[in-house]
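Peer 1: Starting off with a structure, shown below.
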Amino acid sequence: MTEFKDIEQELRLFRRRLFAVSGLVLICFGLLMARFVWLQVIRYDAYAAKAEDNRISVVPIAPNRGLIFDRNGVVLARNYSAYTLEITPSKIQIPLDELIDQLGGVVEIQLKDRRRFKKLLEESKQFESLPVRTRLTDEEVARFTAQRYRFPGVDIQARLFRQYPFGKTAAHVIGYIGRISQRDADKIDDTDDAANYNGTDYIGKAGLEKSYENQLHGTTGYEEVEISAGGRAVRTLSHTSSAPGKNLILSIDIELQKVIEEAFGDRKGALIAIEPSTGDILAYVSMPSFDPNLFVDGIDQQSWDELNNSPDRPLVNRPLSGTYPPGSTYKPFMALAALELGKRRPEDAINDQGFFWLGNHKFRDDKPGGHGIVNMYKSIVVSCDTYYYQLANDMGVDTIHDFMKPFGFGQLTGIDLENERRGLLPSTTWKRTSYSKPEQQKWYAGETISLGIGQGYNAFTPLQMAQALSTLVNNGIVMKPHLVKILEDGLTHQKTMTVPKESYRIPLKQENIDFIKNAMVGVTKEGTGARAFAGAGYVAGGKSGTAQVVTIKQNEKYDSKKMAEHLRDHSLFTAFAPADHPTIALAIVVENGGFGAAAAAPLARKALDYYLLKKRPGDDAKKDPKAEAAAEAAASAASSADASD
């Protein structure tokens, strides 16, 4: 039986299917067209900008860091180019230790390199490129390049490095740079200068490298580069050159600095030398020192532990943050205060029997039996304690405070280094506000007595002591101490002086200044400093001082041989020269060095010998018999004076 197809029904079904498919196609094309309009019309500007960004890469060009010179043009900090082997932790495909082991078979990687890398890794982000070896030789670069395919995430980079040619010499002045840590990055992000650090890996961490970071860093440049879809550079579209940082020309004389540091040897302490008329710091010594080159690539843990845990504290900037009692170096200022305030006349004298009574308390002089009849001149020359016990008692703590404050004692000098300590110039107001208990807030008369000889609560930095002496010999004209003398533009070499005009003047009578200076000359000719300055080719003024580290009981006698070294007295000396027109004033502290005339004074002599005569220690190996005779005579004349300081 034959079946007939319903042609009409099949045509209707076909048409329905065709309409459905056509509708679906139209809907799809409509959606595509709508998306096209969205992308090409409505969002055109946004996506065009993104496309341009993908096509153009902006590459920062880090500037050359400014150089640092001493006052005579000697380079103290410079830059040099070298290759580094760097690892980007986020890109490596095997464990880090295994990778470093394999790299060690291609280039030498020492244990200290591994320790430094791990320290950097702890302080950095995983996507940062970190150096595992620096200063690669050309042979090492070639050897790694040939096997680079084996080490994904490892590459060779050409970088500028900082170098400090003099190593430990003047390290506390110059400071050092180091890699930017997360803490540094956070601080930079909070400033208006954040964009200027794009492409920069290093920043000043200490010393002038830190306090003059903005001037030394320079201005970052940029290069717009067109890149292909594969990330290859096609052509450079624009170029904005970076501007190098400014050069620093310091007031420091690096040769004088070297002479002093070598003279210190293994001893601990500090010395500050200032040109009184300008405030230029000629030498800034903190001993022991450290090698700033250790920090440039990131210091390894062992070296850091050795520096940080050393009992000698080489990282402490002693002139800036070390505070010491000034000892008898304070006495010339006490005498000047007495003259200016009418408390004493030069001819006024006391009969020093070796002690001073206040109530039931006996304050002893360092010389048993005393110095006999002592006027103001002799009180400075032989450093008579009893004279200044009485003077301090007559003046009172607040009078002393008010006179000493303008000289900078217990005040910030404003030197161009960070983290300066204020020290302590005591007063009744200070004590009342510093203690909580009423009995602690009260100032007792006995506390004033020791202030007269630079003991008690007095605590000043070597920088303050040098600044005060500089102001005194500059006839009361206060010049702000500074280390950077000139800022030099890295491109134009235009120089800008940083030396300020005088800060202020202390109203002092010239005859009183001249009297004190003359008495300090007496110290080096017939007093406590005569032995050290015998035969000097110039006339110098000075004052020795001894500062107690621990208090000796009333009936006990100080014996340094029976005490641990760290408990022995500090040795101090202040000096200026030439006496008629001082061009240098200095303060020196030798920690636990004992009597000031014994340890500190000879170091002061060596510093002045070099600065004034260009005479180095050892140059006088063949001594003049006349000079030897003069030295013996001065030593004999000073023998009794030495006992008191």
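Peer 1: Using DSSP, restrict attention to beta bridges with both residues in the chain and report what percent are antiparallel, rounded to the nearest 5. The partial results should precede the final answer.
Peer 2: Numbers: 78 of 81 bridges.
So the antiparallel bridges amount to about 95 percent of the total.
Peer 1: If I ignore ligands, DNA and RNA and count only protein heavy atoms, how much of PHE576 is accessible to a 1.4 Å probe, in Å² to the nearest 10?
Peer 2: Result for PHE576: roughly 0 Å² accessible.
Peer 1: How large is the convex hull of the Cα atoms of the chain per residue, expressed in Å³ as a whole number? Please report the intermediate quantities before stating the final value.
Peer 2: Numbers: hull volume 188.1 nm³, N = 645.
Here the figure is 292 Å³ per residue.
Peer 1: Place the peptides 320-326, 569-575 in order of packing, highest mean first, counting for every residue the other Cβ atoms within 10 Å and averaging per peptide. Spell out each step's value before the answer.
Peer 2: Details: 320-326: 22.7, 569-575: 30.4.
Descending mean neighbour count gives 569-575, 320-326.
Peer 1: Take THR240, project a point 7 Å from its Cα along the Cβ direction, then tell me which residues of the range 183-220 have their backbone nitrogen under 16 Å from it.
Peer 2: Zone members listed by number: 192-200, 218-220.
Peer 1: Rounding to the nearest 20 debye, state how big the charge dipole of the chain is about its Cα centre with +1 on each Lys and Arg Cβ and -1 on each Asp and Glu Cβ. Can you show the working numbers first?
Peer 2: Values: 79 positive and 81 negative charges, 86 e Å.
Dipole of the chain, to the nearest 20 debye: 420 debye.
Peer 1: Moving to a separate point now. Can you send over the carbon and sulfur percentage of the accessible area for the range 133-269, probe radius 1.4 Å, protein chains only? All intermediate terms of the calculation are to be shown ahead of the outcome.
Peer 2: Numbers: 2950 of 6620 Å².
The nonpolar share, carbon plus sulfur, comes to 45 percent.
Peer 1: Relative to the present Cα-Cα distance, how much length would full extension add between THR433 and GLU340 at 0.36 nm per residue of separation?
Peer 2: On the way: separation 93, 0.36 × 93 = 33.48 nm, distance 2.92 nm.
Extending this stretch completely gives an extra 30.6 nm.
Peer 1: For the range 224-338, what mean projected area does the convex hull of the alpha carbons give, in nm²?
Peer 2: Details: hull surface 57.8 nm².
Convex hull of Cα atoms, orientation-averaged projection: 14.4 nm².
Peer 1: Kirkwood Rh and Cα-based Rg: tell me the resulting Rg over Rh for the range 317-366, rounded to two decimals. Each step should come with its number before you reach the end.
Peer 2: Numbers: Rg = 15.2 Å, Rh = 13.8 Å.
Using only Cα positions, Rg/Rh for the range 317-366 is 1.10.
Peer 1: Above 13 angstrom, tally the Cα pairs of the range 259-319 and express them as a % of all pairs, no decimals.
Peer 2: Details: 1225 of 1830 pairs.
Tail of the P(r) past 13 Å holds 67 percent of the pairs.
Peer 1: I would also like to ask the following. How long are the semi-axes of the equivalent ellipsoid of the range 95-154, defined as square roots of 5 times the Cα gyration tensor eigenvalues? Whole Å, largest first. Don't jump to the answer; show the numbers that get you there.
Peer 2: Working: eigenvalues 74, 34, 24 Å².
For the range 95-154, the ellipsoid semi-axes come out as 19, 13, 11 Å.
Peer 1: With N denoting the number of residues in the range 450-513, provide Rg(C-alpha) divided by 2.2 N^0.38 Å, to two decimal places.
Peer 2: On the way: Rg = 17.0 Å, N = 64, 2.2 N^0.38 = 10.7 Å.
Taking the Cα Rg and dividing by 2.2 N^0.38 Å, one obtains 1.59.
Peer 1: Going through the DSSP H helices of the chain, which span 18 Å or more along their own axis at the Cα atoms while scoring at least 0.5 as a mean Kyte-Doolittle hydropathy?
Peer 2: 7-37, 596-613
Peer 1: Mind ordering 259-270, 72-83, 472-483 by average Cβ neighbours within 10 Å, highest first? Can you show the working numbers first?
Peer 2: Values: 259-270: 19.2, 72-83: 14.7, 472-483: 21.2.
Descending packing order for the listed peptides: 472-483, 259-270, 72-83.
Peer 1: In square angstrom, what is the accessible area per residue of the range 155-212 with a 1.4 angstrom probe?
Peer 2: Details: 2580 Å² over 58 residues.
Heavy-atom accessible area per residue stands at 44 Å².
Peer 1: Moving on. Let me see the P(r) profile for the range 129-253: every Cα-Cα distance counted, bins of 10 Å, each bin given as a percent of all pairs.
Peer 2: Here the calculated profile for the range 129-253 is 10, 29, 33, 23, 5, 0.
Peer 1: Along the positive direction of the dipole of the chain (beta-carbon charges: Lys, Arg +1; Asp, Glu -1; about the Cα centre), which of ASN64, VAL75, VAL589 reaches farthest?
Peer 2: Checked the options; the winner is VAL589.
Peer 1: Still on this structure, I have one more. Relative contact order of the range 401-507: what whole-number percent is it, with Cα pairs under 8 angstrom and at least 6 residues apart?
Peer 2: Numbers: 126 pairs, mean separation 29.8, N = 107.
Computed value for the range 401-507: 28 percent relative contact order.
Peer 1: Quick one: how many Å² of MET465 are accessible to a 1.4 Å probe, rounded to 10?
Peer 2: MET465 exposes around 10 Å² with every protein chain in place.
Peer 1: Let me ask something additional. Can you work out the Karplus-derived ³J(HN,Hα) for every residue in the range 65-73? Use 6.51 cos²θ - 1.76 cosθ + 1.60 with θ = phi - 60°, whole Hz, and x for glycine or proline.
Peer 2: Taking θ as phi minus 60°, the curve returns 6, x, 8, 10, 10, 8, 5, 9, x Hz for the range 65-73.
Peer 1: Which whole-number percent gives the relative contact order of the range 220-346, counting Cα pairs below 8 Å spaced six or more residues apart? Present the calculation step by step, with values, prior to reporting the outcome.
Peer 2: Values: 122 pairs, mean separation 19.0, N = 127.
Worked out over the range 220-346, it gives 15 percent.
Peer 1: Is there a quick way to get the dipole size of the range 465-537? I mean about its Cα centre, with the Cβ of Lys and Arg at +1 and of Asp and Glu at -1; what is the value in debye to the nearest 20?
Peer 2: 60 debye
Peer 1: Would you mind telling me the share, in percent, of accessible area of the range 375-523 contributed by carbon and sulfur at probe 1.4 angstrom? Intermediate values should be presented prior to the final figure.
Peer 2: Values: 3020 of 6110 Å².
Accessible surface attributable to carbon and sulfur in the range 375-523 totals 49 percent.
Peer 1: Here is a further query. What whole-number volume per residue, in cubic angstrom, does the convex hull of the C-alpha atoms of the range 336-388 give?
Peer 2: Here the figure is 79 Å³ per residue.
Peer 1: For the chain, what is the relative contact order in percent, using Cα pairs closer than 8 Å and at least 6 residues apart in sequence? It would help to have the intermediate numbers written out before the result.
Peer 2: Details: 1255 pairs, mean separation 87.6, N = 645.
Dividing the mean separation by the residue count of the chain yields 14 percent.
Peer 1: Here is a further query. Mind checking Rg over Rh on the range 394-475, alpha carbons, Kirkwood formula for Rh? Write down the numbers at each step before the final one.
Peer 2: Values: Rg = 13.7 Å, Rh = 13.7 Å.
A ratio of 1.00.
Peer 1: Still on this structure, please answer the following. Past 26 Å, Cα to Cα: identify those pairs from LYS258/LYS485; LYS168/LYS517; LYS246/LYS405; LYS268/LYS543; LYS119/LYS205; LYS168/LYS210, in the order given.
Peer 2: Values: LYS258/LYS485 19 Å; LYS168/LYS517 35 Å; LYS246/LYS405 36 Å; LYS268/LYS543 20 Å; LYS119/LYS205 16 Å; LYS168/LYS210 17 Å.
With Cα atoms farther than 26 Å apart: LYS168/LYS517; LYS246/LYS405.
Peer 1: Assigning unit charges at the beta carbon (Lys, Arg +1; Asp, Glu -1) and nothing else, what dipole magnitude in debye, to the nearest 20, does the range 276-410 show about its Cα centre? Let's see the in-between values first.
Peer 2: Numbers: 11 positive and 17 negative charges, 152 e Å.
It works out to roughly 740 debye.
Peer 1: Which Cα, out of SER379, THR219, ALA575, lies furthest along the positive dipole direction of the chain (beta carbon charges, K/R +1, D/E -1)?
Peer 2: Result: SER379.
The values are calculated or read from the model by the stated rules, or taken from the named source; none is laboratory data. Note that the coordinates shown come from a computational prediction; the quantities given were computed from them, not determined experimentally. Using ideal geometry, Cβ is built from the backbone for each residue, glycine included, and neighbour counts are taken over all protein chains shown. Only protein heavy atoms, including side chains, enter the accessible area calculation; ligands, DNA and RNA are left aside. Shrake-Rupley method; radii C 1.70, N 1.55, O 1.52, S 1.80 Å.
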